[in-house]
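Student: Dropping a structure here in structure tokens format, bear with me for questions.
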Amino acid sequence: MAYRKFRGTKLFTGKSWAPQDSVLITQSNGQVEAIVSIAEAGDDIQPVDGIISPGFINAHCHLELSHMAGKIPPQTGMIPFLLNVMNHRQAAIEAIQEASYQTDQQMHLEGIVAVGDICNTLHSLETKKSSRLNYHSFVEVSGFIGATAQNRFEQARTVWEKFREIGPASITPHAPYSVSPELFQLINDFDPGTLLSMHNQESEAENDFFISGQSPLRDLFTSIGVNIDFFQAPGITSLQAVLPHLNKAAKLILVHNVVTSPDDLAFLQQQPINETFFCVCPGANQYINQSMPPGFLLKSQLDKIVIGTDSLASNYQLSITEELKLLAGCYPEIPLEHLLQWATLNGAKALNMDSHLGSFEKGKTPGVIALNDWKVTRLL
């Protein structure tokens, strides 16, 4: 049996640093065999310039928006950004599919091995069929008017059925401000015990919409011709307002969390959801409104933070390394070990892929990458 042996300046297992002078041994197909000392490793050790790590997990992406690269200017603010996405997302199917394919290939080169991907259409289906990456497809549904809930849900279910044929998939809500209680109920009842994802508290406007009702989000609805005069603000944050609608999910990935508060976390702990992960996308937050995820969240939820890139509509590139670099620059007190755990094992756990990805444990095939000065080289 042929083996590959790697020795870097450091070795990160997905959980912690391995002892100095450790050697990673894999089979030729990348399946992990062992981590041993250099004295036990024998010959043919490949020296690696940089940190050896399991492949990265991109816990939040919009592959089907890849054709929008460069079309929305940075720092517009949340509401103009959303309107721009609506105005620019339509394009020839061939162009959307080609951009999705190229982005998938680039993510592979960036050391990414798995993606939690938001889908509104079937445009990314063919790319995923042939991809070397592992995808969980979150088929996203929205609609703030209760009367449209059943129709919106049935459209999403049609898309979900196709994605489910090629890999794990969920029907998932877009965001608190874009899903009616009736639609939340349909999502919640559809597949109890599933994994869900939801954009959460990406801007102050979202919380204001639920706390006081006075929010630029009202202008968004007016712009798209939706009358929401019926809506009465419940006087609590968006997360607290809608989380009870998702009480049948086994696991929930909340995405962005820019204005999530300690009170929100305390509320969350009282809910019946078994496990919640917090996906941060600092590149997109900077691109849209020059914000960053809150430090208290990162430091208090070490085992539940995961990393996402969002889309090329809201980011310059889909690189987990660049996301980690941004976090390290803003929060230098966070150890690199924690950042790497968020990008590897935590992400694999969030996407239910930790049986084979996320860490160097015997039998897993998590990918092998080298990280040197925030640049990635794919080794396996």
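Every number in this text was worked out from the coordinates using simple rules, so none of it is lab data. The structure displayed is predicted, hence computed values, not measured ones. Please note: Cβ atoms are built from the backbone with ideal geometry, for glycine as well, and neighbour counts cover all protein chains shown.
Student: Before anything else, pin down the relative contact order of the stretch 56-356: Cα pairs under 8 Å, at least 6 apart, normalised by residue count, whole percent.
Tutor: Numbers: 582 pairs, mean separation 65.6, N = 301.
Answer for the stretch 56-356 is 22 percent.
Student: Ok, one more. How much of the DSSP bridge set in the chain is antiparallel, in percent, rounded to the nearest 5? Don't skip to the end; give the middle numbers.
Tutor: Values: 18 of 53 bridges.
Taking every DSSP beta bridge within the chain, about 35 percent pair in antiparallel fashion.
Student: Follow-up question, since we're still on this one. Order of 137-145, 260-268 by packing, highest average Cβ count within 10 Å first? Write down the numbers at each step before the final one.
Tutor: On the way: 137-145: 22.8, 260-268: 16.2.
Output ranking for 137-145, 260-268: 137-145, 260-268.
Student: Local charge sum around residue 72 (other residues, Cβ-Cβ under 14 Å, Lys/Arg +1, Asp/Glu -1)? If you can, show how the numbers build up before the last one.
Tutor: Numbers: positive: 71, 89; negative: 310.
Surrounding charge for residue 72 is +1.
Student: Can you give the helix-only mean residue ellipticity at 222 nm for the chain, where every DSSP H stretch with n ≥ 4 adds -39500 (n - 2.57) and the sum goes over all residues, rounded to the nearest 500 deg cm²/dmol? All intermediate terms of the calculation are to be shown ahead of the outcome.
Tutor: On the way: 15 runs with 131 residues, N = 380.
Per the formula, -9500 deg cm²/dmol.
Student: Then there's this: How much net charge surrounds residue 137 when only other residues with a Cβ under 15 Å from its Cβ are counted (Lys, Arg +1; Asp, Glu -1)? Each step should come with its number before you reach the end.
Tutor: Numbers: positive: 128, 129, 157, 162, 164; negative: 64, 104, 117, 126, 140, 161, 165, 191.
That works out to -3.
Student: A follow-up question, please. Which length gain, in nm to one decimal place, applies between residue 9 and residue 227 when the Cα-Cα distance is subtracted from 0.36 nm times their residue separation? The partial results should precede the final answer.
Tutor: Numbers: separation 218, 0.36 × 218 = 78.48 nm, distance 5.92 nm.
Gain on extension, residue 9 to residue 227, equals 72.6 nm.
Student: If you don't mind, there's one more thing I want to ask. For residue 248 and residue 378 in one chain, what is 0.36 nm times their gap in residues minus the Cα-Cα distance, to one decimal in nm? Intermediate values should be presented prior to the final figure.
Tutor: On the way: separation 130, 0.36 × 130 = 46.80 nm, distance 3.87 nm.
Answer, rounded to one decimal: 42.9 nm.
Student: Right, here's the next one. Using the basic label-point model (7 angstrom from Cα toward the beta carbon), what is the residue 44 to residue 122 distance in nanometres?
Tutor: Once both label points are built, they end up 4.6 nm from each other.
Student: Ok, one more. Could you tell me which of 74, 166, 200 has its Cα farthest along the dipole of the chain towards the positive end, charges placed at Cβ (Lys, Arg +1; Asp, Glu -1), taken about the Cα centre?
Tutor: Looking along the dipole axis, the top candidate is 166.
Student: Now for a different question. At 0.36 nm per residue, minus the direct Cα-Cα distance, what do residue 94 and residue 270 gain on full extension? Give it in nm, one decimal, please. List each step's numbers first, then the result.
Tutor: Details: separation 176, 0.36 × 176 = 63.36 nm, distance 4.65 nm.
Length difference between fully extended and current span is 58.7 nm.
Student: Net charge within 14 Å of residue 93 by Cβ-Cβ distance, Lys/Arg positive one each and Asp/Glu negative one each, not counting residue 93 itself? Numbers along the way, then the final one.
Tutor: Working: positive: 89; negative: 64, 94, 98, 126.
Net local charge, residue 93 excluded: -3.
Student: Calculated FRET efficiency, residue 263 and residue 155, Cβ-Cβ r, R0 35 Å, to nearest 0.05?
Tutor: On the way: r = 36 Å, r/R0 = 1.02.
Efficiency at R0 = 35 Å is approximately 0.50.
Student: Further, regarding this structure: What is the distance in Å between the Cα centroid of the stretch 194-220 and that of the stretch 1-43?
Tutor: 46 Å
Student: Turning to a different aspect of this structure: Report, in whole Å, the centroid distance computed from the Cα atoms of the stretch 248-274 and the stretch 324-380.
Tutor: Using only Cα atoms, the two centres lie 23 Å from each other.
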